[in-house]
Amino acid sequence: QEVHAAELERTFIAIKPDGVQRGLVAEIISRFERKGFKLVGIKVLIPSKEFAQKHYHDLKDRPFFNGLCEFLSSGPVVAMVWEGQGVISYGRKLIGATDPQKSEPGTIRGDLAVVVGRNIIHGSDGPQTAKDEINLWFKPEELVNYTGNSEKWIY
Ligand code: RTP
C-alpha cells in the first residue's frame with residue numbers, strides 16, 4: 001500500500017532525566033520502534049533551565065512550573081523525532097496519562113513510572129505543538145529523511 005509523505009506526521013518525544021538515569025532509553029525507544037514508527041532524529045543533551053522554560057512556556061503559570069524546569073535541566077534528556085501515520089496522538093497513547101497513577105498498564109508511564117513529577121517521558125500533544133517543539137529542539141539538518149522497511153511492510 002502506497003503511503004504519501006503528507007500522511008507521515010512527526011512528533012517530538014523526550015526521555016526526561018529520570019528515564020535516562022533509570023536506564024529506560026532502550027525500553028522506550030523499543031516501544032516506538034516495534035509499533036512501526038520511524039526514528040528521524042535523536043540526540044542526548046542536558047538542557048539549560050532557560051531552555052526548559054521555553055519548552056514548557058505553556059505551563060508558566062502553574063505552581064509546579066519552576067520545579068518542572070529545574071528537573072528537566074537536572075540531567076541528560078534524550079530528544080527524539082518520530083515519524084509515522086498518526087504518530088502524534090498514538091505516541092500519546094503509548095506514553096499514557098500524565099499522572100502515572102492514572103495511566104493504564106501497558107503504557108510507558110503505566111508500566112514504568114509512579115508519580116507525576118517523575119513520569120519519565122514527554123510527547124507533543126498536538127500538530128502545532130509538535131511543529132514548535134521539533135523546531136525548538138532540532139535544526140532541520142539534524143532530521144533525516146529516509147525510506148525504511150515501514151514503507152513496504154507497515155503501510
Ligand atoms: P508532557 O508535556 O511532559 O508530555 O506531559 P503532559 O502533556 O502529559 O502533561 P502537562 O500537563 O503538559 O504537564 C507537563 C509535565 O509537568 C509535570 N507535572 N507535574 N502536579 C504536578 O506536580 C505536575 N503536573 C504536571 C509532569 O512531568 C508533566 O509531564
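Residues that are touching a helix residue (DSSP H, G or I) at 6+ places or on another chain (Cβ under 6 Å), free of Cβ contacts under 8 Å to residues at least 40 places away in the same chain and open to solvent by 20 Å² or more (accessible area, probe 1.4 Å) number at least 2 in the following helices (runs of 4 or more DSSP H) confined to the stretch 36-155: 49-55.
For Glu50, state whether it is at pLDDT 95 or above, more than 16 Å from the chain's Cα centre (by Cα), among the acidic types (Asp, Glu) and more than 16 Å from Asn119 (Cβ to Cβ). Taking the combined requirement at face value, the residue satisfies it. Among the residues making up the stretch 14-35, those that are of a type in the set (A, V, I, L, M, F, W, C) and open to solvent by less than 60 Å² (accessible area, probe 1.4 Å) are Ala14, Ile15, Val20, Leu24, Val25, Ile28, Ile29, Phe32.
The values are calculated or read from the model by the stated rules, or taken from the named source; none is laboratory data. Please read all numbers here as calculations on a predicted model, not as lab measurements. So basically every Cβ, Gly included, is an ideal-geometry build from the backbone, and we count neighbours across all protein chains shown. Only protein heavy atoms, including side chains, enter the accessible area calculation; ligands, DNA and RNA are left aside. Shrake-Rupley method; radii C 1.70, N 1.55, O 1.52, S 1.80 Å.
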